[in-house]
Amino acid sequence: MKILIIEDEYSLADAIAEILKKENFTVTIQTDGQKGEDEALTNIYDLILLDVMLPTKDGFEILETLRNENIKTPIIMLTAKSEIYDKLNGLEHGADDYITKPFHMRELLARIKVILKRQASLENTNIIEYNNLKLNLKTGIMSFLGQEIAINGKELDLLEILLLNKNQIVSREMLANKIWGYNSEAEYNNVEVYVSFLRRKLKLIKSNVKIKAVRGIGYKLEVENA
Ligand code: CA
């Protein structure tokens, strides 16, 4: 498994690389934005760790280029600021996850493993559904009676878990654990953010299957009658 680290703080990049090498990953470090983008465009990596503030080209620009070039490599943003704006910006541009500096290496490692595991499971074609709402786990296409939209990353994880647990309430703790490999207040906020993304997309395809919030507990799929 090959991981590309695009991070201009060399000591941090090197520390991450050391940990990853111990886990048998092959690691490449780029400390310059443009060079990092060029490297990522080779499309040989299984995962990219992408800093935001970088010389020559920032992480969001790189993210945008990669997604525009249809590079689907999972990307975890390494963000120095905890501002919600940065987070939303990254997620809207197609990052799979983000982690706020300073972070624990074991947390980063947990997130990397969750994402790689998900990628591996995507290799198997699978369509799961609930009342005409279908999700193709391989292509990430969510559809409702002929209307479709692509979802990816955490949105895909979220809908997959809700579909696999249809007819029951899924707790936010379970969602946080399964999606982020971690269970904390910050992850609960993430769950909320992704639920709102997903609701918007369900609306776009005119799905009558909605995500119902069960106050203080979690979420559940529900069919809304017209
Ligand atoms: Ca930086």
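Summary of values
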item	result
Of all accessible heavy-atom area on the chain, the percent that carbon and sulfur account for (1.4 Å)	48 percent
Cβ-derived FRET efficiency at R0 22 Å, Glu129 paired with Ile217, nearest 0.05	0.35
Mean separation of Cα contacts under 8 Å (6+ apart) over length of the chain, as relative contact order %	12 percent
Tensor-based shape of the range 127-223 (alpha-carbon gyration tensor, a/c under 1.5 rounded, otherwise prolate or oblate)	prolate
Pairwise FRET efficiency - Ile169 versus Lys101, Cβ, R0 = 45 Å, nearest 0.05	0.85
Residue-normalised accessible area of the range 127-223, given per residue in Å² at a 1.4 Å probe	49 Å²
For the chain: Kirkwood Rh in Å [reciprocal of mean 1/r, alpha carbons]	18.2 Å
Gaussian network model of the chain, Cα within-10 Å springs - most flexible of Leu156, Leu20, Leu49	Leu20
Part-to-part distance (alpha-carbon centres) for the range 164-226 and the range 20-75, which is given in Å	30 Å
Most fluctuating residue given options Gln30, Gln119, Gln147, as computed from a GNM of the chain linking Cα atoms under 10 Å	Gln147
Accessible area expressed per residue, the range 35-118, with surrounding protein chains retained (probe 1.4 Å, Å²)	46 Å²
Within the chain, helix-based [θ] at 222 nm, where runs of 4 or more DSSP H residues each add -39,500 (n - 2.57), nearest 500	-13500 deg cm²/dmol
Unsatisfied cross-links (Cα-Cα over 19 Å) in the set Lys35/Lys117; Lys134/Lys212; Lys113/Lys178	Lys35/Lys117
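The values are calculated or read from the model by the stated rules, or taken from the named source; none is laboratory data. Everything numeric in this text was worked out from a predicted model, so none of it was measured. We place every Cβ from the backbone using ideal geometry, glycine too, and count neighbours over all the protein chains shown. Note: accessible area is taken over every heavy atom of the protein model, side chains too, but ligands, DNA and RNA are not part of it. Shrake-Rupley method; radii C 1.70, N 1.55, O 1.52, S 1.80 Å.
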